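**Student:** Below is the structure I would like to discuss, written out as structure tokens.
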Amino acid sequence: MKIYDVAIIGAGVIGTSIARELSRYRLDVALLEKETELAFGVSKSNSGIIHPGTQNPPASLKGKLCVQGNFLIRKISKELNVDFKEVGELIVAFNEDEIKELLRLKKEAEFLGVPGLKTVDKAWLKENEPNLNSVVVCGLYAPTAGIISPYRFVYDLAENAIKNGVEIHTETKVIDIIRVDKYFEIVTSKELFKTKYLINAAGLFADDISKMLTIDDFRIKPRKGEEFILDKKKENLTNHLIFPLPSKISKGVLIIKTADGNPMIGPTAEDIEDKEDFSTSDSGFSKVLLSARRLIPSINDKDIISYFAGLRPVAGDDFIIRHESKAPGFINVAGMQSPGLTASPAIALLVADILKNNGLALKKKLIFHAHRKKTIHLFAIPLPQTKKLIKKDASYGDIICRCEMVSAKEIQDAIKRGAKTMDGVKFRTRAQSGRCHGSFCTTRIMKILAEETQTPLAGITKRGKGSEIIKERI
Amino acid sequence: MIKRDLVIVGGGPAGMAAAVSAYENGVKDILLLERDQYLGGILNQCIHTGFGINYFKEVLTGPEYAGRFIKKIKGVSGIEVSLKSIAVKLTNDKTITFLSPGRLKTIKARAIIMATGCREKTREMTHIQGTRPAGVFSAGLAQKLINIEGLLPGKEVVIIGSGDIGLIMARRFALEGAKVKAVIEIQKKSRGLLRNMVQCVEDFDIPVYFNHKISRIYGKDRVEKVSVMKVNDNFNEIPGSIFEIKCDTILMSVGLISENELIEMAGVKIEENKTSVPGIFVCGNSFKIYDVVDSVTTDSYLIGKLAADYTLS
Ligand SMILES: Cc1cc2nc3c(=O)[nH]c(=O)nc-3n(C[C@H](O)[C@H](O)[C@H](O)COP(=O)(O)OP(=O)(O)OC[C@H]3O[C@@H](n4cnc5c(N)ncnc54)[C@H](O)[C@@H]3O)c2cc1C
Ligand SMILES: Cc1cc2nc3c(=O)[nH]c(=O)nc-3n(C[C@H](O)[C@H](O)[C@H](O)COP(=O)(O)OP(=O)(O)OC[C@H]3O[C@@H](n4cnc5c(N)ncnc54)[C@H](O)[C@@H]3O)c2cc1C
């Protein structure tokens, strides 16, 4: 039986970032994921912000890794051809007391090395952010804040990791881990894996995984965040990400720009018990709307076209990233609350370092494919270019999702790159995420999925077993 | 750039009536764009009867009603039909760009009629609390799944809203052996036609809850149940009235919205019988939401004539 050098549990942004980083080296790496699709844990339901590093305590690990991650993601997103946009952020103050707080934040952030910070006055705000509440007196401007599509980032990392030899096993739930001599045996819902080093990047379930090796000194508490998406027509609602001053447990309700163009408002921050409770609520909706209007008064509830909830995997105030000497070779990467997405490239480097310090030889491969070809999205390119594409491949002209202009070719490509479910297609291509929410294109996407994956139509699911779209053929 | 006298976008009953009318009124160079693989629009999935009572004084099914116009269009050479052709851009100088498998074309027209129909309001637009599992469908999508694809979306169904499509689908599910557990309507009475209330719901003993609203959707992967509450005339909860219904499927039938994003993107405003740009017209459900297709046909004939007058002047 094959013994892997490294096995990683969890294909969220953290697990895939680590996998891609390790794929530079001559190692056998396996990434194990319980869901049918990658990124379907915390990593698909977040704000998609690449934070500059302005709201973290100066002594924290997350503070340091956030600033590094913000820097590193620029190179990675170029290599992977994933859209990262530096849009800048504004943290705003409503009165004199808040200005003091803003200046304190600035100092802390500068200590952590956040570049380019400056305070901006009312006149600047009026000119650069005309829809902002006019009672705002001052802002802290952080130019390095950016946005990215959090799930497409994971898919692109994974695609590149696979190209460089990483094995990804989906629908593979880790059930137990046994330490035998110099390696670990991982019992999963599919097969048994053996590995010398084991990385726990299981998000909300990292405590359960750690417990399997009797390391039981932290608990993951889910902190729910509900977010509300606005119509693309409101794309230019703001020019920057807009933040209020942070509270004790969160960055507050923000005005978010997203990689897809739709603005978003949220998230709430509510500590809950159930790790699978992704429900949204009327109270969350009113809370977010009220807080968002305090920043941008013109936001209307009629502009909201969709909503979701995400759960932050919280284990105390900071990230937990450490080698466990009680189980040599086992590394916990847990408590990945915000800014986990931003920090992910820095976390990957740190984990590689920890592996090395604990005896794993990191020898560079002769050939590492750093670059990935850009995924084509018709919605993102001008019509003359679309015309050329259609000439090359007729199925670019076969539009399946009319709201978001997604062609049959893009959907086939998404499936070739790993999509297995309706939501997998949606998050990769945007098909079904427009105004009609799939009313027009569901049947055609089901048929393409059925054909490309050789599955009967009744077996096509929304996001994996148990979520079949239809009950039976008539 | 290719030039055409009249381009019509949308081959549903509105676009077809407008095409026939413009042709009969003298325009002999008409291009009819339809993104689907057949003409007929929504009528293709409406296999129930009840169409044409006013216009043809006959009781027809949707496809039969559409068939009469398809026949007329195929019979003349002045109307070119381009299927699998989706218009993606309109500008106010009357050029239109469309894609179809293998080509992208931009056409300059003397006149344009937009007849792009409507879409349904979705669960997302109605802010229902709870989870987002599989099993929530717009009523029109469920209709398409059953009538066109032969696929049964679910077996225990709750229908939200008592619009005509919802009522018709209540009967359709019942006929396929599924259990329709409830129709939930927030208003005091149905929004649908009386005949649909009688023939689709009462005749099948399907319970209808007026003055009720759905308050939460439950289920992780697939819908498991909904909770429902009674509301007063201001749609506020009547305390203590909440109850649950077990189901695996929810149909949303809460209204239709005109599809006119292309017109909006072009900065064109819709006015009665015309738009802010001379030579660009809108008809059918993309102009306003109609109850019955017969009136769509009558009104679209008029628009076809106006467009013909404009083109020939
Ligand atoms: C509302 C919200 C907004 C946020 N906004 C931002 C932001 O703007 N910027 C930012 O930087 N960060 C943000 N974050 C934080 C960020 O989303 C997370 O830090 C990051 O996604 C965590 O990734 P992960 O890979 O650790 O977790 P996950 O994505 O959850 O990955 C863990 C994976 O492990 C799998 N798994 C679990 N148990 C098992 C098992 N037994 N066997 C196999 N697989 C298993 C899961 O299915 C999952 O796919 C936000 C978070 C939330 C909730
Ligand atoms: C689900 C549903 C069920 C209905 N059931 C009934 C019923 O039982 N009885 C009844 O009397 N009425 C019913 N109606 C109302 C019915 O839709 C209208 O009476 C009539 O079909 C409207 O005609 P239309 O041509 O305006 O729209 P549609 O029939 O919707 O036709 C619009 C056409 O335009 C095409 N199109 C749209 N955008 C583009 C583009 N960009 N490029 C190219 N082509 C495009 C579409 O593919 C479609 O074929 C129903 C409506 C819906 C939505």
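The values are calculated or read from the model by the stated rules, or taken from the named source; none is laboratory data. Quick caveat, the model's predicted, so the values are computed rather than measured. Neighbour counts are summed over all protein chains in view; Cβ atoms, including those assigned to glycine, are modelled from backbone coordinates with ideal geometry. Calculation scope for accessible area: heavy atoms of the full protein, side chains included, ligands and nucleic acids excluded. Shrake-Rupley method; radii C 1.70, N 1.55, O 1.52, S 1.80 Å.
**Student:** Can you tell me which condition residue A:431 does not meet? The list is (1) surrounded by 22 or more Cβ atoms within 10 Å (Cβ to Cβ); (2) free of Cβ contacts under 8 Å to residues at least 24 places away in the same chain; (3) of a type outside the set (Phe, Trp, Tyr), and all the others hold.
**Tutor:** Status for residue A:431: all satisfied but (2).
**Student:** Shifting gears a bit: Spot the failing condition for residue A:119; the list is (1) outside the structural domain of residue A:337 (by TED's automatic domain parsing); (2) under 23 Å from the mean Cα position of the chain (by Cα), and only one is missed.
**Tutor:** (2)
**Student:** If residue B:241 satisfies all but one of (1) modelled with pLDDT of 95 or more; (2) surrounded by 18 or more Cβ atoms within 10 Å (Cβ to Cβ); (3) not in a strand (DSSP E or B), what's the number of the condition it fails?
**Tutor:** Tallying (1) modelled with pLDDT of 95 or more; (2) surrounded by 18 or more Cβ atoms within 10 Å (Cβ to Cβ); (3) not in a strand (DSSP E or B), residue B:241 fails exactly one: (2).
**Student:** Test residue A:234 against the criterion of being of a type in the set (Lys, Arg), more than 22 Å from residue A:314 (Cα to Cα) and open to solvent by 10 Å² or more (accessible area, probe 1.4 Å), and give yes or no. Give the derivation first.
**Tutor:** On the way: of a type in the set (Lys, Arg): yes; more than 22 Å from residue A:314 (Cα to Cα): yes; open to solvent by 10 Å² or more (accessible area, probe 1.4 Å): yes.
Against the criterion (of a type in the set (Lys, Arg), more than 22 Å from residue A:314 (Cα to Cα) and open to solvent by 10 Å² or more (accessible area, probe 1.4 Å)), residue A:234 qualifies.
**Student:** Just one of B:95, B:49 is within 21 Å of the chain's Cα centre (by Cα) and among the hydroxyl-bearing types (Ser, Thr, Tyr); which is it?
**Tutor:** On the way: B:95 fails: within 21 Å of the chain's Cα centre (by Cα).
Result: B:49 is the single residue among B:95, B:49 that is within 21 Å of the chain's Cα centre (by Cα) and among the hydroxyl-bearing types (Ser, Thr, Tyr).
**Student:** Could I ask something else about it? If you scan segment A:30-55, which residues turn out to be surrounded by 24 or more Cβ atoms within 10 Å (Cβ to Cβ) and among the acidic types (Asp, Glu)?
**Tutor:** Residues satisfying the conditions are A:33, A:37.
**Student:** Could you list, in sequence order, all residues of segment B:197-222 that are more than 14 Å from chain A (Cβ to nearest Cβ) and not aliphatic (A, V, I, L, M)?
**Tutor:** To start, the set of residues in segment B:197-222 that are more than 14 Å from chain A (Cβ to nearest Cβ) comprises B:197-212.
Listed by number, the residues that qualify are B:199, B:200, B:202, B:203, B:204, B:205, B:207, B:209, B:210, B:211, B:212.
**Student:** Name the one entry in A:85, A:34, A:107 that is basic (Lys, Arg) and under 16 Å from the mean Cα position of the chain (by Cα). I'd like the intermediate steps shown before the answer.
**Tutor:** Working: A:34 fails: under 16 Å from the mean Cα position of the chain (by Cα); A:107 fails: under 16 Å from the mean Cα position of the chain (by Cα).
Answer to the selection: A:85.
**Student:** Against the condition open to solvent by less than 50 Å² (accessible area, probe 1.4 Å) and touching a helix residue (DSSP H, G or I) at 6+ places or on another chain (Cβ under 6 Å), how does residue A:186 come out, does it pass?
**Tutor:** Working: open to solvent by less than 50 Å² (accessible area, probe 1.4 Å): yes; touching a helix residue (DSSP H, G or I) at 6+ places or on another chain (Cβ under 6 Å): no.
So residue A:186 does not fit the description; no.
**Student:** Select from segment B:269-306 the residues that are without any contact (Cβ under 8 Å) to a residue 12 or more places away in the chain and over 24 Å from residue B:64 (Cα atoms) and write down the one among them that is nearest to ligand 1 (Cβ to nearest atom). Please lay out each step first, then the result.
**Tutor:** The initial filter retains those residues of segment B:269-306 that are without any contact (Cβ under 8 Å) to a residue 12 or more places away in the chain, namely B:269, B:271-272, B:276, B:290.
Then drop every residue that is not over 24 Å from residue B:64 (Cα atoms), which leaves B:269, B:271-272, B:276.
Values: B:269: 38, B:271: 44, B:272: 46, B:276: 41 Å.
Top of the filtered list is B:269.
Table: residues versus (1) within 12 Å of ligand 2 (Cβ to nearest atom); (2) part of a loop (DSSP other than H, G, I, E, B); (3) at pLDDT 95 or above; (4) more than 27 Å from residue B:177 (Cβ to Cβ).
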position: B:96; (1), (2), (3), (4): yes, no, yes, yes
position: B:109; (1), (2), (3), (4): no, no, yes, yes
position: B:125; (1), (2), (3), (4): no, no, no, yes
position: B:142; (1), (2), (3), (4): yes, no, yes, no
position: B:145; (1), (2), (3), (4): yes, no, yes, no
position: B:149; (1), (2), (3), (4): no, yes, yes, no
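**Student:** Here is a further query. Sort out which residues of segment A:362-415 are open to solvent by 40 Å² or more (accessible area, probe 1.4 Å), part of a helix (DSSP H, G or I) and more than 19 Å from residue B:104 (Cα to Cα), and write them in order of number.
**Tutor:** Residues satisfying the conditions are A:412, A:413.
**Student:** I would also like to ask the following. Going through segment A:187-196 one residue at a time, which ones are part of a strand (DSSP E or B) and either closer than 12 Å to residue A:34 by Cβ or not assigned by TED's automatic domain parsing to the domain that holds residue A:351 (or both)?
**Tutor:** Pass one, segment A:187-196, residues part of a strand (DSSP E or B): A:187-188, A:192-196.
Passing the criteria: only A:188.
**Student:** Is it true that some residue in segment A:144-161 is away from ligand 1 (no atom under 15 Å from the Cβ), open to solvent by 40 Å² or more (accessible area, probe 1.4 Å) and within 30 Å of residue A:7 (Cβ to Cβ)?
**Tutor:** yes
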